[in-house]
Amino acid sequence: MVSLSVGDDGAGELVVEDEGPGFPDGFTLGQGAGLGSKPVTSLLRPEDGSIAIDRSVGFGRVVLTVTPNWRKPEPT
């Protein structure tokens, strides 16, 4: 399942999940040899949002949160 929601403030959340067993303990996004998370983790800068594995469920779920440019904090 893939779902996308955008709040009134323009922040977006993309959730991708499957019916598989989830990610193994110790797995971090971007470490696999597949094409799944590598492109996203390499393109998403920390100031633009975050990507995380949601381990609160018994299947595979990844949550990508994107902050709109106008909400970025000013550089100090």
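Just so it is clear, none of the values below were taken in a lab; they were calculated from the coordinates. All figures in this text were calculated on a predicted structure; none of them were measured in a lab. Cβ placement follows ideal geometry from the backbone for every residue including glycine, while neighbour counts extend to all protein chains displayed.
Worth pointing out:
- Modelled spin-label separation between GLU13 and ALA52, with each label point placed 7 Å from Cα along the Cα-to-Cβ direction: 1.1 nm.
- Taking packing as the residue-averaged number of other Cβ atoms within 10 angstrom, the listed peptides 8-15, 20-27 run from highest to lowest as 8-15, 20-27.
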